[in-house]
1. Take the conditions surrounded by 14 or more Cβ atoms within 10 Å (Cβ to Cβ) and not in a helix (DSSP H, G or I) and apply them to residue 15. Does it pass?
2. Is it the case that residue 4 is part of a helix (DSSP H, G or I), more than 26 Å from residue 86 (Cβ to Cβ) and modelled with pLDDT under 80?
3. So which of 36, 90 is in contact with a helix residue (DSSP H, G or I) (Cβ under 6 Å, 6 or more places away or on another chain) and over 30 Å from residue 3 (Cα atoms)?
4. Quick one: residue 69 ticks every box in (1) more than 27 Å from residue 5 (Cα to Cα); (2) at pLDDT 85 or above bar one, so which box is it?
5. For the structure I just gave you, tell me whether residue 47 is touching a helix residue (DSSP H, G or I) at 6+ places or on another chain (Cβ under 6 Å), surrounded by fewer than 12 Cβ atoms within 10 Å (Cβ to Cβ) and assigned to a helix (DSSP H, G or I).
6. Quick one: what pairs do we get from segment 11-35, first residue at positive phi and modelled with pLDDT under 80, second surrounded by 11 or more Cβ atoms within 10 Å (Cβ to Cβ) and assigned to a helix (DSSP H, G or I), C-beta under 9 Å, 6+ apart or different chains?
């Protein structure tokens, strides 16, 4: 194994453990606060970018492709966070 994939894999493992900690993985269904949700979504976004850059070779792609694939997880994470942040009961 070369150093870069191993380092990236170790970073992904650390990010996964961070998301598990923030998400309160205990075996029961936790009630997450808005900060925990933001941490889990942000960590997931970093994981997406790491996988795209290092394992799917996006770092060698043209700037247009890089921009598209970096904006997509930001927009998607923002929409997911917004869906959690909105109090849907007050809209009914």
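1. Values: surrounded by 14 or more Cβ atoms within 10 Å (Cβ to Cβ): yes; not in a helix (DSSP H, G or I): no.
Answer is no for this residue.
2. Details: part of a helix (DSSP H, G or I): yes; more than 26 Å from residue 86 (Cβ to Cβ): yes; modelled with pLDDT under 80: yes.
Taking the combined requirement at face value, the residue satisfies it.
3. Numbers: 90 fails: in contact with a helix residue (DSSP H, G or I) (Cβ under 6 Å, 6 or more places away or on another chain).
Criteria check complete, one pass: 36.
4. The single condition residue 69 does not satisfy is (1).
5. no
6. 24/36
The values are calculated or read from the model by the stated rules, or taken from the named source; none is laboratory data. Just so we're clear, the structure is a prediction, and the values are computed from it rather than from any experiment. Methodologically, a virtual Cβ is constructed for each residue, glycine included, from the backbone with ideal geometry; neighbour enumeration extends over all protein chains shown.
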